[in-house]
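Notes for the one structure printed next.
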Amino acid sequence: MSLHPQVGALLERVARSQLPPYYELPPAVSRRLYHDTRGAISPMAPEMASVTLMLVPGPAGPLPVRVYRPAGSAKGEVLPALIFYHGGGWVIGDLDTHDVACRQLSNGARCVVFSVEYRLAPEARFPAAVDDCITATRYLTAQAANLGIDAARIAVGGDSAGGNLAAVVCIDARDSRQPMPCFQLLIYPATDQRAGQSSHVRNADGYLLTRKVMDYFRGHYLPDEADWLDWRASPLLAGSLAGLPPAHVLTAEYDPLVDEGREYADRLAAEGVKTGYKDYPGMVHGFLLMGGVLDTANEAMAGCCAALRGAFDTRA
């Protein structure tokens, strides 16, 4: 396949930009750059029944969690939920960069979305993000009745680094004998920090997420190479994936992470986990958030919402 024409036009725009790449900037500046460039490519923010902020206990202090209730839902209505972890290489990204996506998921799957603001590297390196997401997930699950959500229908999900964290949360829940999420939505997840798959070579440059950017993120989050082999950093290296929740794994053809995402989906299925897998031809890493300029992003978002609704209906 070849690049989608809309992706090609986007890449041409990026090439003409005077903005420097993330790896040339301090993390605080990279975060601002990422935040401030989202509006030009994001779709309109859908209206919601409510959007509120809560604080949940975290390992190093309170964690902000943004709560989305879908449009048309009644006050006090008990709904299924998605606990969402944003992407950004564990270094950039926040509640605002993924606000539109969380609104789309909430309305499209008719569920409450809890978007978790976990700590970022290099200020908080591995496994800080893992610890925050596990702790927040356990708290939200335990508080289901008070939060107006169905404890039997709580899914987890995220994109890129957030997909990594969602996968790790599920493995931890199984191994720690905690309540298991009913579903995992893994959007072009990072699953193997060794980065040895062939897609890391063929898609290393020219497709937004480059090898230099990935090295920048990994260098801040995982400066100790020994940690690359820890399953909490590389869930593909976990000893077993059996007994995990059903999954929907999404990848993009021109993404350096496409091969490790496919490998993770294949392993889940081989070890008995009901797994849906969809690769989007002609797309690049991060495309799901680009619905303002990429029609396929809106198609993929609809697919994610359908997968969530199917999982929730199965447990209803």
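Which ³J(HN,Hα) values, rounded to whole Hz and listed in residue order, are derived for the stretch 136-151 from phi using the Karplus coefficients 6.51, -1.76 and 1.60 in 6.51 cos²θ - 1.76 cosθ + 1.60 with θ = phi - 60°, glycine and proline given as x?
Once rounded to whole Hz, the list reads 5, 5, 4, 5, 4, 5, 5, 9, 3, 4, 6, 9, x, 10, 8, 4.
Output the antiparallel fraction of DSSP beta bridges having both residues in the chain, as a percent to the nearest 5.
In the chain, DSSP labels about 30 percent of beta bridges as antiparallel.
Under 8 Å for C-alpha pairs, at least 6 residues apart: give me the relative contact order for the chain, rounded to a whole percent.
Working: 636 pairs, mean separation 62.6, N = 316.
The value is 20 percent.
Considering only C-alpha atoms, what is the centroid distance from the stretch 247-316 to the stretch 207-246, in Å?
Using only Cα atoms, the two centres lie 18 Å from each other.
At 1.4 Å probe size, with the rest of the protein present, what percent of the exposed accessible area of the chain is carbon and sulfur atoms? All intermediate terms of the calculation are to be shown ahead of the outcome.
Working: 6720 of 12520 Å².
The value for the chain is 54 percent carbon and sulfur by accessible area.
Using amide H atoms built 1.01 Å from N in the peptide plane, name the residues 5+ places from Ile149, or on other chains, whose amide H lies under 5 Å from its own.
Result for Ile149 returns Leu79.
For Phe287, Phe126, give me the order by solvent-accessible area with a 1.4 Å probe, most accessible first, ignoring ligands, DNA and RNA.
Phe126, Phe287
Express in Å², to the nearest 10, the accessible area of Lys212 obtained by rolling a 1.4 Å probe over the protein heavy atoms while all chains stay in place.
120 Å²
Using the Karplus curve 6.51 cos²θ - 1.76 cosθ + 1.60 with θ = phi - 60°, what ³J(HN,Hα) values do you get for each residue of the stretch 70-80, in whole Hz, with x for Gly and Pro?
x, 4, x, 7, 8, 4, x, 5, 7, 10, x
Just checking my list [x] 72, 47, 40; [y] 64, 40, 30; [z] 50, 42, 38 against Cα extents along the principal axes in Å computed from this structure; which label fits?
This structure yields the entry labelled [z].
Amide H of Asp279 versus every other amide H placed in the peptide plane: which residues, excluding those fewer than 5 positions away on the same chain, fall under 5 Å?
Answer set, sorted by chain and number: Thr251.
Tabulate in residue order the Karplus-calculated ³J(HN,Hα) for the stretch 99-114, using 6.51 cos²θ - 1.76 cosθ + 1.60 with θ = phi - 60°, rounded to whole Hz; enter x for Gly and Pro.
Here the 3J(HN,Hα) series is 4, 5, 4, 5, 4, 4, 5, 5, 5, x, 9, 6, 9, 7, 10, 10 Hz.
Note down the magnitude of the dipole of the stretch 158-316 about its Cα centre, charges +1 on Lys and Arg C-beta and -1 on Asp and Glu C-beta and zero elsewhere, to the nearest 20 debye. It would help to have the intermediate numbers written out before the result.
Numbers: 14 positive and 21 negative charges, 76 e Å.
Roughly 360 debye, rounded to the nearest 20.
Would you please put 194-200, 260-266 in order of how densely packed they are, using the mean number of other Cβ atoms within 10 angstrom per residue and starting with the highest?
260-266, 194-200
Let me have the relative contact order for the stretch 86-197, percent, based on Cα pairs under 8 Å that are six or more residues apart.
Once divided by the residue count of the stretch 86-197, the mean separation gives 25 percent.
How charged is the neighbourhood of Val112? Take every other residue with its Cβ under 13 Å from the Cβ of Val112, and add Lys/Arg as +1 and Asp/Glu as -1.
With Lys, Arg at +1 and Asp, Glu at -1, the neighbours total +4.
Based on the mean of other Cβ atoms within 10 Å per residue, sort peptides 245-255, 155-165 so the most packed one is first. Please report the intermediate quantities before stating the final value.
On the way: 245-255: 24.1, 155-165: 29.5.
Highest mean packing first, the order is 155-165, 245-255.
Suppose accessible area is computed on protein heavy atoms with a 1.4 Å probe; arrange Trp90, Trp228 from highest to lowest.
These residues rank, largest area first, as Trp228, Trp90.
About its Cα centre, how strong a charge dipole does the chain have in debye, to the nearest 20, once Lys and Arg get +1 and Asp and Glu get -1 at the Cβ? Provide the component values of the computation, followed by the final result.
Values: 28 positive and 34 negative charges, 126 e Å.
For this selection, approximately 600 debye.
Output the relative contact order of the stretch 187-267, whole-number percent, from Cα pairs under 8 angstrom with separation of 6+ residues.
Over the stretch 187-267, the number comes to 52 percent.
At 1.4 Å probe radius, can you tell me the per residue accessible area of the chain in Å²?
That works out to 40 Å² per residue.
Taking a ≥ b ≥ c as the square roots of the eigenvalues of the Cα gyration tensor of the stretch 9-118, is the shape rounded (a/c under 1.5), prolate (a/b larger than b/c) or oblate?
Judged from the Cα gyration tensor, the stretch 9-118 comes out oblate (a/c at least 1.5, b/c at or above a/b).
Please list, ordered by chain and number, the residues whose modelled amide H lies under 5 Å from the amide H of Ser73; skip anything fewer than 5 residues away on the same chain.
When sequence neighbours closer than 5 places are left aside, the close amide H contacts are Ala49.
The values are calculated or read from the model by the stated rules, or taken from the named source; none is laboratory data. Because the structure is a prediction, the values reported are computed rather than measured. Virtual Cβ from ideal backbone geometry, glycine too; neighbours counted across all protein chains shown. Remember, those area values only see protein heavy atoms, side chains included, never the ligands or the DNA or RNA. Shrake-Rupley method; radii C 1.70, N 1.55, O 1.52, S 1.80 Å.
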